[in-house]
Amino acid sequence: MLSWGNRFNICCFLDNNDYRLRGQRAEALLAADAVEQLQCNAGTAFEQLRAFHAARPGWLFGHLGYDLKNETEKLSSIHPDGIQFPDLFFFRPRYLLLLEQQQVLISGEDLKETAARKIYESCLAEPETPPAAVTRASFNLEARMDETYYLAAVRSLQEHIRKGDCYEVNFCREQYAYTTIDPLLLFHRLNALSPAPFAAYYRTGDKYLVCSSPERFLRKEGSTLISQPIKGTITRATDPAADELLRQELLHNPKERAENVMIVDLVRNDLSKTAVQGTVHVDELFGIYAFPQVHHMISTVMATLDERFHFTDAIREAFPMGSMTGAPKVRVMELIEQYERTKRGLFSGAVGYITPEGNFDLNVVIRSMLYNAEHRYLSFQTGSAITFNSTPEKEWEECLLKAKALKTALGL
């Protein structure tokens with residue numbers, strides 16, 4: 001199915017890898033070819049998205065880039081950006097394929113049953129392409145910041161925390177290379193190594209996202225809003241008994257619990273801006289979820305959207321997601337700009353869909369590789385939450401742990 005969709009210059013493939021987290025509507029969705037598209041940068045992007053959806057209500061697929069922060073707050077971004085996705089891009093697909101309960105539902109602009117069957121047959125005719133054996137990569141990764149700079153920056157951020165500037169900062173570093181890759185093959189490799197509930201393969205022309213995200217930013221179903229921030233990570237063990245000990249260690253780790261609570265409070269505040277008063281609540285706190293490489297601590301915050309607000313208002317008021325900024329949000333985004341060395345772009349933004357009714361499901365773009373084929377620029381970023389009690393060396397190790405599956409998929 002994905003190979004068929006990748007024939008088009010614009011496509012978006014979303015795969016839950018059978019995790020079925022809270023209301024995911026299909027095992028996989030594929031949107032291919034753009035009938036219309038909206039592309040813009042920070043300024044009036046959310047207003048344009050609202051108007052674009054209202055003009056012809058239908059399915060939309062696309063992304064929100066991190067630098068939409070420059071629209072929601074008085075901020076700016078000056079760092080280099082090797083990928084160059086626009087801050088916002090959504091498209092109306094010509095073809096939409098939904099895989100659920102071992103059925104494929106195919107729809108599209110003026111699509112007749114005969115044409116739909118041809119698409120289905122074409123998908124079936126595609127040879128199954130299991131991930132190819134990963135050979136040693138012929139390139140080396142470079143980094144915008146080395147370990148020495150990273151450790152010094154973490155200590156500086158902790159000094160900001162000590163002075164009361166902030167409580168927690170999500171601090172990230174980029175690794176990159178100039179090389180030629182096959183993004184589709186890379187997605188198959190990564191999805192096999194690290195299947196995740198919000199995996200995505202996303203293409204707009206010569207720009208690609210290969211995503212193995214475990215995190216949901218925000219979902220709307222009817223009037224219900226759901227956000228599931230991740231804060232808290234520990235490695236897995238192959239021995240079941242040792243793995244359970246690691247799981248318990250994460251669950252009871254006071255630092256990880258403190259990080260999680262800080263972000264839960266931030267998300268509660270974000271949702272309260274558009275929610276019916278008194279409906280914001282924590283449905284699950286400190287849930288421990290297992291993934292192939294790591295255990296994560298995930299909490300679930302829910303609310304009821306006030307009918308006075310449009311669905312784009314709920315997104316705008318919660319964006320960027322607190323798990324990728326820290327608290328308080330505006331101050332830490334200033335510090336992120338001060339200490340990081342790369343424009344985040346689509347990384348720590350969101351990819352997903354919007355339905356004709358104005359429901360949506362958007363992930364958090366983490367555990368992802370981005371590629372600009374024209375410039376042969378490959379990039380990925382990893383980070384961790386810096387608090388007063390952080391040990392800089394352990395935060396560095398967490399960045400390396402989160403990069404493990406990405407580097408393995410690349411043959412590094």
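Every number in this text was worked out from the coordinates using simple rules, so none of it is lab data. Note that the structure is a prediction, hence the values are computed from the model and not measured. Using ideal geometry, Cβ is built from the backbone for each residue, glycine included, and neighbour counts are taken over all protein chains shown.
Computed extension gain for GLU221 through ASN269, at 0.36 nm per residue and net of the alpha carbon distance, reaches 15.3 nm. Rounded to the nearest 20, the size of the Cβ-charge dipole of the chain about its Cα centre is 240 debye, with Lys and Arg at +1 and Asp and Glu at -1. Expressed as a whole percent, how much of the Cα-Cα distance distribution for segment 237-320 exceeds 18 Å? Result for the distance tail: 52 percent.
When the listed pairs LYS207/LYS329; LYS273/LYS402; LYS329/LYS404; LYS231/LYS402 are checked against a 21 Å cut-off, the alpha-carbon distance exceeds it for LYS207/LYS329; LYS273/LYS402; LYS329/LYS404. Annotation: extensible slack from LYS394 through THR179 equals 74.3 nm (criterion: 0.36 nm per residue apart, minus Cα-Cα distance). Size descriptors for segment 180-307, from the alpha-carbon set: Rg then Dmax equal 17.3, 52 Å. The distance between label points at ASN9 and LYS163 comes to 4.9 nm (points 7 Å beyond Cα on the Cα→Cβ vector).
Residues whose amide H falls under 5 Å from that of ALA237, counting only those 5 or more places apart or on a different chain, are ASP243, with hydrogens built in the peptide plane.
Relative to the 2.2 N^0.38 Å rule of thumb, segment 272-388 has a C-alpha radius of gyration ratio of 1.24. As a calculated quantity, the FRET efficiency between SER156 and THR235 at R0 = 25 Å, using C-beta atoms, amounts to about 0.40. Placing pseudo-labels 7 Å out from each Cα toward the beta carbon at ALA54 and VAL282 gives an inter-label distance of 3.7 nm. If you run the Gaussian network model on the chain, springs between alpha carbon atoms under 10 Å, then out of GLN228, GLN175, GLN101 the most flexible one is GLN101. Applying 0.36 nm per residue to the separation of ALA290 and PHE309 and subtracting their alpha-carbon distance, the gain on full extension is 3.3 nm. If you plug the beta carbon distance of HIS252 and TYR120 into 1/(1 + (r/R0)^6) with R0 = 45 Å, you get a FRET efficiency near 0.35. Couplings 3J(HN,Hα) for segment 177-192, derived from phi with the Karplus relation 6.51 cos²θ - 1.76 cosθ + 1.60 (θ = phi - 60°), are 7, 9, 7, 10, 9, 9, x, 5, 4, 4, 5, 4, 5, 5, 5, 6 Hz, where x marks Gly and Pro.
Put the Cα centre of segment 361-401 next to the Cα centre of segment 11-87 and the gap is 20 Å.
In the chain, inverting the average of 1/r over every pair of distinct C-alpha atoms gives 21.6 Å as the Kirkwood radius.
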